[in-house]
Structure formats: structure tokens, C-alpha cells
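Data block below; observations after.
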Amino acid sequence: MTRIAITGLGAVTALGPDVASFDRALRDGRSGVAPLSLFDTTGFRTRLAAAVQGELGAAIDFDGLVARLTDADADHALPNTRPDRFALHAVAAAVAQAGLGPALLRDAAVVFGTGTGGAELTESYYRRRRAGTPAPPSMMVPHQPSSVTDLVARHLGSSGPRSTIMTACSSSATAIGYAADRVRLGHVKVAIAGGAEGLCRLTYAGFNCLRASAPDLCRPFDVDRKGLNLGEGAGVLVLEDETHARDRGATILAYLLGYGVTADAYHMTAPHPGGDGAARAMQGALADAGLSVDEVGYINAHGTGTPHNDAAETAAIKTVFGARAPSLPVSSIKSMVGHTLGAAGAIEAVASVLSLLGNFLPPTVHLNTPDPAFGLDFIPNEARAATVNVILSNSFAFGGNNTALAFGRA
């Protein structure tokens, strides 16, 4: 079977605009969660989020946009939404690291996962129409979830297969697995895979209404965990046929060994309490990769910090790894980058590859008192030096949409 080489990485998170800053922050256990200033959070359960800072995270000038936008301009005059900017920046870095030029990008697949797309423009359109102020319908163009995928493909000059995956918080993990299949099946030699998400009022209000947002800092696997902190950003991997990568002299960073996808079919939002679907996703990834449970050295957990999700994931890990589970290192980086929803799987995939490259395991920050009911090694607060050969990265979502990715050392 074709081996899937990873030859490029890109990341934009609240921890910084590139992979180098992301890597440093993971090693330092630095959190990007802070009071949110992007929009008014008065009346919400929380006022915290892990927002991208600087130029990439700047709010769009909607007044200026409307002043110069006409419906005829819809295909070319719309400014990049914030998730678009995150994606393009991360893609540019990943493609540059992989050394891909126009000839190789022309036939590449582009597969992205997202949740709300350019909802910030949709929200502005709605608010303007309600207020009776100008709001050209072309502002709705980025509302399509596929807009970020299409934008990336156009910028790369790619006319190869393109797909947009929406499975809620597992979207970009599923996108990476699907992109790998396109390579394994021989449809393409190269695939650009990842995810992008931007904070908007819709998701911020929605998670607050569900009481899934923590009123303070997110504390995955802590006995006092109260929920998640939302985040935003993008993660991108260049996936490549191993033989193709070697023939062109590319540096192989790591391998995507396999993936598993399942559905709980249990509840619209709550996970199966015993972690049934999550366990089957991990088992599927191991089977796809031809790995035993003894070969896994670390799990980059979904770890949202919500009471039910952390309990279900812990139960799933115990089901899959049995007696080995208590000694297997597990951590969640969501207490550092926030829960980036559709982009979470891709950002955590980049973190997993960095762990393999840098021989370290990122910590679960803000973990003061691990829940005694869990009994796992959650790497509290400080990164750990460790050399592992195989990492599982978990992404679980509303509706029981579960995806697990298996990464291996190059």
C-alpha cells in the first residue's frame, strides 16, 4: 500500500502566526486564551477565547467593504475573511516547506474542513439588513463552507480534486484522512489538507447557550473542569505519495499511517457515555495503519474540558488500551489554543508531527487536580521530553462524528 508522507506543515493559532511560534508555545505550555475583544461578549457565560492576534486576526472593516462592493464584484472584490486569511497563510508556509512549485500544485487535491466558513460576513449582512443599511447580497458569498477550499485551490492554481468536509469538530481530521485516501488510491500524488475556522458571534453564542463554554479557563481532565474555551486558526499538512516525495528529493517530516472514522448515532450533541464510537475510531486507525496498541507512544486527545466529553474519551482510551492505559501519556492542547472547532483536527495533527520531530509531548495546561476517576497520565502543565514512534490524534464531534489519525516517525 502507498505510504503517505508528510512533507509540509502550516499553522496559525492564538499562539502565533506560524509553525515555529506554535512549536515554542507547546514546549513552554503557554496558553493563548484571553479576554475576547473581537466583538461584544456582554451577557455571555464567558468572555474568554483563544483569538488569533495581529494582522491575520484583525477584524474586517465592514463599512469600508460595503462602500466599495457591488454585486458584480462578488467573485473577486470580497476581502478574505479571517479564516480565509488563516488558511492562505498556513498553506503558503506548508507548500514552501514541501518545496512544491506550480507544476506539482496544478494536479494536487485540496481538502479542507471547516465549521462556519465566513460567518462573520453573514452576520454583518444580517445586522445591516435588520438596521436598513446597505448590504449587498454578494456579502453572502463566503457563507458557503466551501469558500475557503475554493479560495485555497485558486491561489495554488490547483485544478485537481477539491472537497470540503463538515463533520463539526472532527471536520479537518476527517479531511486529512479523506485526502490521504485520494493519494493512496492513486488519484493524485500530492494533497493539501487541513482546516480553518474563525470566531464569530454565532458559534460563541451557541456554545454559551449550550453551557459548554467554561466561565473561566478550560481545564481538560481536571476534577473541576467546567467546559471549553473557543479558539480559531488553521492547520495544514502537505500529504504526498512516499515514492513521489523521495523521487523529487523532498524532506519527509513524518507519515500519516492510518485513520479511523465512526459515528455514535447516540445523541445530537452528547457523546456516547462509554466512548463506544471514539474507541472504534481509534481501533479503526490502528487497523488501517497495521499497528498494535503496544506501538502507540502518546495520544493527542480531543480533551475539550467538558464533563461528559472528557469522561467519554477516557473511557474509550481504557477500552482500547486496557491495562496499558494508565501508563500511556495523554494530553490536550485545547487549553492552549482553545477549541478551534472545524480546524481542531488539523491544528492538533500539526502538533502531533511537531511532537515526533522535536521529541517532546505537549502538556495539558491549567490541569491542577486530575479527575481521580480517570487514572490516566495527562502530562499536567509542563511539556515532557520523550521519543515516541507512533501518535494517535483524536477528534470527536457533535452527533458522534469521530475521527482518529495515526502518525509515525519518519
> Identify, please: which residue in region 330-363 is touching a helix residue (DSSP H, G or I) at 6+ places or on another chain (Cβ under 6 Å) and not hydrophobic (A, V, I, L, M, F, W, C) and is, among those, farthest from Phe398 (Cα to Cα)?
Replying inline: Pro362
> If you take the residues of region 177-206 that are free of Cβ contacts under 8 Å to residues at least 24 places away in the same chain and not aliphatic (A, V, I, L, M), which of them is surrounded by the most Cβ atoms within 10 Å (Cβ to Cβ)?
Replying inline: Asp181
>> Leu15 - would you say it is crowded, with 23+ Cβ neighbours inside 10 Å and either touching a residue at least 60 places away in the same chain (Cβ under 8 Å) or more than 14 Å from Glu232 (Cα to Cα) (or both)?
In response: yes
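For region 307-319, does any single residue satisfy the condition of being part of a helix (DSSP H, G or I), among the β-branched types (Val, Ile, Thr) and more than 21 Å from Gly177 (Cα to Cα)? Working first, answer last.
To start, the set of residues in region 307-319 that are part of a helix (DSSP H, G or I) comprises 307-319.
Filter once more, so that each one left must be among the β-branched types (Val, Ile, Thr): 314, 317, 319.
Right, trim to more than 21 Å from Gly177 (Cα to Cα) and you get 314, 319.
Looking through region 307-319, at least one residue is part of a helix (DSSP H, G or I), among the β-branched types (Val, Ile, Thr) and more than 21 Å from Gly177 (Cα to Cα).
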> Are there any pairs with C-beta distances below 9 angstrom linking a residue in region 299-313 that is under 17 Å from Ile347 (Cβ atoms) to a residue that is part of a helix (DSSP H, G or I) and basic (Lys, Arg), with the two at least 6 apart or on different chains, and if so which?
Replying inline: Ala301/Lys334; His302/Lys334; Gly303/Lys334; Thr304/Lys334; Gly305/Lys334
>> Ala245 - would you say it is in contact with a Phe, Trp or Tyr (Cβ under 9 Å, 6 or more places away or on another chain), closer than 18 Å to Ala349 by Cβ and either at pLDDT 95 or above or part of a helix (DSSP H, G or I) (or both)?
In response: no
> Of the conditions (1) buried (at least 21 other Cβ atoms within 10 Å of the Cβ); (2) closer than 30 Å to Gly157 by Cα; (3) out of contact with any His (no Cβ under 9 Å at 6 or more places or on another chain), Gly249 fails just one. Which one is it?
Replying inline: (1)
>> Among the listed residues Ala351, Ala263, identify the single one that is within 19 Å of the chain's Cα centre (by Cα), crowded, with 19+ Cβ neighbours inside 10 Å and not polar (S, T, N, Q).
In response: Ala351
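For every residue, the table says whether it meets (1) at pLDDT 95 or above; (2) crowded, with 21+ Cβ neighbours inside 10 Å; (3) not β-branched (Val, Ile, Thr).
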{"site": "Pro142", "(1), (2), (3)": "no, yes, yes"}
{"site": "Pro145", "(1), (2), (3)": "no, no, yes"}
{"site": "Val152", "(1), (2), (3)": "yes, yes, no"}
{"site": "Ser158", "(1), (2), (3)": "yes, yes, yes"}
{"site": "Cys169", "(1), (2), (3)": "yes, yes, yes"}
{"site": "Ser172", "(1), (2), (3)": "yes, yes, yes"}
{"site": "Ala175", "(1), (2), (3)": "yes, yes, yes"}
> Do we have any residue at all in region 293-301 that's outside any loop (DSSP other than H, G, I, E, B), over 21 Å from the mean Cα position of the chain (by Cα) and of a type in the set (Val, Ile, Thr)?
Replying inline: yes
> When you scan region 221-242, how many residues do you find that are outside any strand (DSSP E or B) and either within 30 Å of Leu199 (Cβ to Cβ) or of a type in the set (A, V, I, L, M) (or both)?
Replying inline: 8
> Could you say whether any residue in region 48-64 is modelled with pLDDT under 75, small (Gly, Ala, Ser), assigned to a loop (DSSP other than H, G, I, E, B) and over 17 Å from His339 (Cα atoms)?
Replying inline: no
>> Return the residues of region 371-410 that are in contact (Cβ under 8 Å) with a residue 40 or more places away in the chain, more than 23 Å from Leu237 (Cα to Cα) and part of a strand (DSSP E or B); say none if nothing qualifies.
In response: Asp377, Arg384
>> I'd like to verify a number: residues in region 18-56 that are free of Cβ contacts under 8 Å to residues at least 60 places away in the same chain and either β-branched (Val, Ile, Thr) or within 25 Å of Val95 (Cβ to Cβ) (or both), how many?
In response: 8
> Restricting to strands (runs of 3 or more DSSP E) lying wholly in region 103-199: which have 1 or more residues that are of a type in the set (D, E, K, R) and within 29 Å of Thr46 (Cβ to Cβ)?
Replying inline: 190-197
> Can you tell which of Thr314, Thr306 is surrounded by 24 or more Cβ atoms within 10 Å (Cβ to Cβ) and either of a type in the set (Ser, Thr, Tyr) or more than 28 Å from Glu232 (Cα to Cα) (or both)?
Replying inline: Thr306
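The values are calculated or read from the model by the stated rules, or taken from the named source; none is laboratory data. Please read all numbers here as calculations on a predicted model, not as lab measurements. Cβ sites come from the backbone with ideal geometry, for glycine too, and all protein chains shown count toward neighbours.
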